[in-house]
Amino acid sequence: RYRREHIGNWVKYARFEEENREFERARSVFERALEVEVRNPELWLRYAELEMRNEFINRARNVLDRAVQLLPRVDFLWYKYVYMEEMVGDVPKCRAVFDRWMDWMPDDNAWMSYARFEGRCGHWDQAKEIM
């Protein structure tokens, strides 16, 4: 039986479209799923991962940006966002995302992650300030 609120069906359908290289249709599936359950962080994560897997970095940024605006207290969305920015080598954007995240006063692990990021970039003074 068809159930709109069952997110697994939406994700499977989007994955099917992705496997057939129908990216616009896969996006459409995710957007319709978000209309049903906009506050599901796992759905946002799957949507962003679709874009990242297929190297649509700007689209992934847009999805993650929308997700963290809507769900700012969901840390794993922020972690995924900063991880993506660091992996593509965009240090200023990564720092900007960390700064936005820190405005929400997350837990100590998030602050440690920010300090480690600055250390990996060779900015030891900034890492010390964060701590």
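Table for the structure above
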item	result
Selected residue (criterion: nearest to Glu31 (Cα to Cα)) from residues of the stretch 45-57 that are part of a helix (DSSP H, G or I) and not charged (D, E, K, R)	Tyr47
Residues of the stretch 84-99 satisfying the condition of being out of contact with any helix residue (DSSP H, G or I) (no Cβ under 7 Å at 6 or more places or on another chain) and either surrounded by 16 or more Cβ atoms within 10 Å (Cβ to Cβ) or among the β-branched types (Val, Ile, Thr) (or both)	Val91, Arg95
The stretch 113-125 residues that are farther than 9 Å from Phe98 by Cβ, paired with ones that are assigned to a helix (DSSP H, G or I) and not polar (S, T, N, Q) (beta carbon under 6 Å, 6 or more apart)	Ala115/Ala127; Ala115/Ile130; Gly119/Ala127; Cys121/Val91
Which numbered condition Tyr81 fails, given (1) open to solvent by less than 50 Å² (accessible area, probe 1.4 Å); (2) over 21 Å from Ile7 (Cβ atoms); (3) of a type in the set (Ser, Thr, Tyr)	(2)
Filter result for the condition that a residue is open to solvent by less than 50 Å² (accessible area, probe 1.4 Å), small (Gly, Ala, Ser) and either under 28 Å from Glu17 (Cβ atoms) or not in a helix (DSSP H, G or I) (or both), over Ala60, Ala110	Ala60
Inter-residue pairs, beta-carbon under 6 Å, first aromatic (Phe, Trp, Tyr) and in the stretch 90-112, second in a loop (DSSP other than H, G, I, E, B), 6+ apart	Trp104/Pro72
Residue identified as open to solvent by 70 Å² or more (accessible area, probe 1.4 Å), of a type in the set (Asp, Glu) and either over 30 Å from Ala127 (Cβ atoms) or at pLDDT 95 or above (or both) among Glu51, Glu22, Glu37	Glu22
Checklist (1) open to solvent by less than 70 Å² (accessible area, probe 1.4 Å); (2) more than 25 Å from Glu19 (Cβ to Cβ); (3) not in a loop (DSSP other than H, G, I, E, B) applied to Arg116, failing item	(1)
Counted residues, the stretch 119-131 - those being open to solvent by 80 Å² or more (accessible area, probe 1.4 Å) and either basic (Lys, Arg) or part of a helix (DSSP H, G or I) (or both)	5
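The values are calculated or read from the model by the stated rules, or taken from the named source; none is laboratory data. Since this is a predicted model, take the numbers as computed values, not measurements. Note: ideal-geometry Cβ built from the backbone for every residue, glycine included; neighbour counts use all protein chains shown. Side chains are part of the model used for accessible areas, which takes the heavy atoms of the whole protein and leaves out ligands, DNA and RNA. Shrake-Rupley method; radii C 1.70, N 1.55, O 1.52, S 1.80 Å.
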